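**Q** Just passing along the structure, written as structure tokens.
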């Protein structure tokens with residue numbers, strides 16, 4: 001009999017299966033707010049917002065993943081191998097771009113952050129300012145703010161991973 005407190009986690013990008021295996025907990029930000037997934041979670045399909053996904057492995061160690069948006073699906077009754085009686089929860093994240101914290105080039109992410117901050121400032125934007133009613137969004141500013149968010153998420157994932165292993 002499998003450990004009923006564990007479930008299958010898959011983090012999939014168009015390029016590769018970034019992470020797969022068993023987990024005891026997964027924490028992430030969705031379109032409806034921050035969520036924690038445990039074995040037996042209610043089936044769900046939802047959006048994943050840019051941020052750090054924290055996966056707690058059965059041994060207690062944590063994996064941090066910088067994700068830049070996508071979708072999540074929680075399924076129940078998924079077979080765990082050859083034993084048809086062994087079924088579990090499966091959490092799948094389908095994300096366009098994701099990076100394991102340990103694979104992030106910190107220096108490159110810092111340079112990208114500085115460049116994005118400069119570009120946003122040059123375009124007169126602010127990550128917290130929404131266009132006024134009737135005002136059209138500047139596509140260059142939207143892209144600069146998206147680049148800024150990507151760099152911030154990458155550095156947040158690296159910092160979170162460093163803090164959890166310290």
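Every read-out reported here was derived from the displayed coordinates using simple, explicitly stated rules and does not represent laboratory data. Predicted model only: the values in this text are computed from it and were never measured. Here the Cβ positions follow ideal geometry from the backbone for every residue, glycine too, while neighbour counts run over all protein chains shown.
**Q** Binning every alpha carbon pair distance of the range 2-62 at 10 Å from zero, what are the percents per bin?
**A** Per 10 Å bin, starting at zero, the Cα-Cα P(r) for the range 2-62 comes out as 20, 55, 24, 1 percent.
**Q** Please work out the Cα convex hull volume for the chain and give it in Å³ per residue. Don't skip to the end; give the middle numbers.
**A** Working: hull volume 21.5 nm³, N = 166.
Given the Cα convex hull of the chain, per-residue volume reads 130 Å³.
**Q** On to the next question. At 0.36 nm per residue, and after removing the present C-alpha to C-alpha distance, how many nm does the segment from residue 17 to residue 108 gain when stretched out fully? Numbers along the way, then the final one.
**A** Working: separation 91, 0.36 × 91 = 32.76 nm, distance 2.34 nm.
Gain on extension, residue 17 to residue 108, equals 30.4 nm.
**Q** Oh, and also: How much length would be gained if the chain were fully extended between residue 47 and residue 163, taking 0.36 nm per residue of separation minus their Cα-Cα distance, in nm to one decimal?
**A** Extra length from residue 47 to residue 163 when fully extended: 39.1 nm.
**Q** Based on the Cβ-Cβ distance from residue 140 to residue 78, what FRET efficiency comes out when R0 is 41 Å, to the nearest 0.05?
**A** With a Förster radius of 41 Å, E is 0.40.
**Q** Rounded to the nearest 500 deg cm²/dmol, what is the calculated helix-only ellipticity per residue at 222 nm for the chain, with -39500 (n - 2.57) per DSSP H run of length n ≥ 4?
**A** Values: 2 runs with 44 residues, N = 166.
Taking each H run of at least 4 residues, the total per residue is -9000 deg cm²/dmol.
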